[in-house]
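Okay, so here's the structure we're looking at.
None of the figures in this text is laboratory data; all of them are computed from the coordinates on show. This one's a predicted model, so the numbers in the text were calculated from it and none came from an experiment. Positions of Cβ are backbone-derived with ideal geometry, glycine not excepted, and every protein chain shown enters the neighbour counts.
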Amino acid sequence: MGVEAAMRQAYFFHYVGDARAVVPASSGGARCGRHDSVVGDFLAARGRTPSGAWAHMMIIIYQSGWNASRQSSTFFPPTSPKFDAPQPTTIMPLASIRSWLRSVSDSKANYWSTYVVDVTLLTFFLAWDRVRLHVAPIAALAQFLLGLGIWTLSEYAFHRWGYHMGIPIAREGHDRHHEDPLAYIAMPCVVTPVLFLPPQLLIAGWFGVRGISSLLAGWFGGFIAYSVMHHCLHHYKWRFAWFRHLQSQHRIHHALPETNYGVTMRFWDRVFRTEFTKDTRL
Ligand SMILES: [Zn+2]
Ligand SMILES: [Zn+2]
């Protein structure tokens, strides 16, 4: 049985109430349910570990949604009166938004555009303080370094509590990165301007608060450095000791996702006791 056929059957079991038979059979591994062959075929075809393959399959099923799957997926279930019965009408917009976000996030053009957009934002913020508010260079530099320092904690917090435990859409994207570390996945490049421009224009533009734009620029500097470093850790094999050290730490995170949340440094992992050591309990 091929992947499509296995997916179709798994989808069928899920929606007609056979999930209780499928889930224990696949996740436990020890039981011999009558659907083991379906899941087994899927696992063999994907060549993944049982739990990883099952999670992957369920993510695809949930992300596609009922209506979206029927319209666009290649593995939607066979037409039958049973399948036409439970069609929630409210899931369609959500599924559409999710599938659009996913298609944007998976595009290589978007991946590289995020760098262009974020460097542009950084330059714009710095220019605002220097040109419009006439902030002294030394003061702007101090604010920039403060923003950079704040970023290092943000990096840890976003990764640990945002990507691994937070809102589903961010978690899904990060789960896909863990499944395929070489894929070019990034949040849509419009997200950072939409989130950061309005407050900056309000605080620094409307109220004329000086220095806040340089602080934001420093924060973006850290974000860009993190993005570049994360890309290099997965795509290059440099010999520098510090690079190889960070690379091995990040590989450990991909194998043990509850350790080593820091990408550019280990400091916050030490503070929050999530650094992988030989004493870490597995
Ligand atoms: Zn990674
Ligand atoms: Zn992660």
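Structure notes:
- Nearest-0.05 FRET efficiency for Leu94 and Ala127, computed from C-beta distance (R0 30 Å): 0.15
- For the stretch 159-174, the residues whose backbone nitrogen is under 20 Å from a point 7 Å from the Cα of Val194, taken along Cα to Cβ, are 162-163, 166-174.
- Segments 227-237, 119-129 sorted - mean Cβ within 10 Å per residue, highest first: 119-129, 227-237
- FRET efficiency estimate (nearest 0.05) - Cβ-Cβ, Leu146 to Ser103, R0 51 angstrom: 0.85
- For the peptides 210-217, 135-142, residues were scored by their other Cβ atoms within 10 Å and the scores averaged per peptide; the highest-first order is 210-217, 135-142.
- Scattering profile of the stretch 195-282 at q = 0.18, 0.19, 0.21, 0.25 Å⁻¹ [log10 I(q)/I(0), Debye over alpha-carbon scatterers]: -0.83, -0.87, -0.96, -1.18
- In terms of the mean number of neighbouring beta-carbon atoms within 10 Å, the peptides 249-256, 165-172 order highest first as 249-256, 165-172.
- Taken along the Cα-to-beta-carbon direction at a fixed 7 Å, the label points for Phe272 and Glu258 span 1.4 nm.
- Range of Cα positions in the stretch 126-282 per principal axis (Å), largest first: 52, 33, 29
- For the pair Ser248 and Ile203, label points projected 7 Å from Cα toward Cβ lie 4.0 nm apart.
- One chain, two ends: Cys232 and Met265. Fully extended at 0.36 nm per residue, the span grows by 10.4 nm beyond their Cα-Cα distance.
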